[in-house]
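Values quoted throughout were computed directly from the atomic coordinates according to the rules given, and no laboratory measurement underlies them. Bear in mind the structure is a predicted one, so any value in this text is a computation, not a measurement. In this analysis, Cβ positions are derived from the backbone assuming ideal geometry, glycine residues included, and neighbour counts consider all displayed protein chains.
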Ligand SMILES: [Zn+2]
């Protein structure tokens with residue numbers, strides 16, 4: 001374990017809580033955005049052919065939120081927000097993100113997806 005200046009048990013606990021909040025927010029946004037995509041698809045199928053602008057817009061907006069939530073999730077795993085673009089692949093991209101290794105926010109060490117603490121500096125992950 002590497003002692004890092006400024007890292008206290010209190011700051012670690014705050015970081016842990018922040019990660020938990022962001023993770024929950026990302027899950028909620030993912031679920032709502034996915035439901036929005038499904039509703040927009042249904043709306044698109046039932047709309048008359050000349051009147052499909054709004055369903056397409058609704059789909060794109062919910063897709064935007066889906067990708068945003070994937071960006072949040074990638075960041076909370078210590079990875080680049082660019083990995084959020086995997087959200088464009090819908091559930092497949094989500095699964096890839098879910099099982100992607102975590103990266104420590106302090107030292108950059110990679111760890112298993114299930115790790116709660118960095119194996120090198122014991123920072124929360
Ligand atoms: Zn670390």
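What number of residues within region 74-101 are under 22 Å from residue 13 (Cβ atoms) and touching a helix residue (DSSP H, G or I) at 6+ places or on another chain (Cβ under 9 Å)? Working first, answer last.
In the first step, residues of region 74-101 are kept if they are under 22 Å from residue 13 (Cβ atoms); the result is 75-78.
When the remaining residues are screened for being touching a helix residue (DSSP H, G or I) at 6+ places or on another chain (Cβ under 9 Å), the result is 75-77.
Summing the residues that are under 22 Å from residue 13 (Cβ atoms) and touching a helix residue (DSSP H, G or I) at 6+ places or on another chain (Cβ under 9 Å) in region 74-101 gives 3.
Looking across region 95-114, the residues that are within 10 Å of the ligand (Cβ to nearest atom) and in a loop (DSSP other than H, G, I, E, B) come down to 104, 105, 106, 107, 108, 109. All of 59, 66, 34, 19 fail the test of being within 16 Å of the ligand (Cβ to nearest atom), crowded, with 18+ Cβ neighbours inside 10 Å and in a helix (DSSP H, G or I), apart from 19.
From the list 74, 115, 81, which residue is under 19 Å from residue 18 (Cα atoms) and buried (at least 18 other Cβ atoms within 10 Å of the Cβ)? Break it down into steps so the answer makes sense when it comes.
Working: 115 fails: buried (at least 18 other Cβ atoms within 10 Å of the Cβ); 81 fails: buried (at least 18 other Cβ atoms within 10 Å of the Cβ).
Residue meeting the stated conditions: 74.
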